[in-house]
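Derivation of every value follows stated rules applied to the coordinates shown; laboratory data play no part. Values in this document were obtained by computation on a predicted structure and should not be read as measured data. Backbone-built Cβ (ideal geometry, glycine too); neighbour counts: all protein chains shown.
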Amino acid sequence: MIKIDVIGKPCPVPLNEFRKALRRAKIGELIEIVGTHELSKGEIAMAADETGQEIVEIEEKEGVWRIIIKKVR
């Protein structure tokens, strides 16, 4: 699993870090992104969907969100 911590970082840092992780991930590998910037949560989910990746889980607790994405292509 590739873990990315972007807590406290605004756009476009979280999305850029997700894209970098997606490029280096192997098919079937999970990417976990943890952050606090609300807009980035939606942008990452859209980017995952647009590139055909599987969104495994999205959760948010006390202003901190976590997204797990499986690279499928």
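Pick out, in residue order, every one of the trypsin sites (Lys or Arg not before Pro) in region 1-57 that is DSSP loop and has at most 14 other C-beta atoms within 10 Å; say none if there are none.
Passing sites in region 1-57 are LYS26.
Given (i) 53; (ii) 44; (iii) 65 as candidate values of percent of Cα pairs over 15 Å apart, which corresponds to the one derived from the coordinates?
Correct label, based on the coordinates given: (ii).
Net charge near LYS41: determine it from the other residues with C-beta under 12 Å of the C-beta of LYS41, scoring Lys and Arg +1 and Asp and Glu -1.
So the environment of LYS41 carries a net charge of -3.
In degrees, nearest 10, range 0 to 90: what is the angle between the Cα axis of helix 38-50 and the longest Cα principal axis of the chain?
Result, in degrees: 10.
Put a dot 7 Å past each Cα toward the Cβ at GLU50 and VAL34; how far apart are the dots in nm?
According to this spin-label approximation, the distance is 2.7 nm.
Using only DSSP helix segments of four residues or longer, with each worth -39500 (n - 2.57), what per-residue ellipticity at 222 nm results for the chain after dividing by its residue count and rounding to 500?
Rounded to the nearest 500, the figure is -10500 deg cm²/dmol.
Taking the Cβ of GLU57 as the centre, find all other residues whose Cβ is under 12 Å away and add up their charges (Lys, Arg: +1; Asp, Glu: -1).
-2
Return a whole-number percent for the relative contact order of the chain, with Cα pairs under 8 Å and 6 or more residues apart as the contact set.
Reported relative contact order: 35 percent.
In degrees, nearest 10, range 0 to 90: what is the angle between the Cα axis of helix 13-24 and the longest Cα principal axis of the chain?
20 degrees
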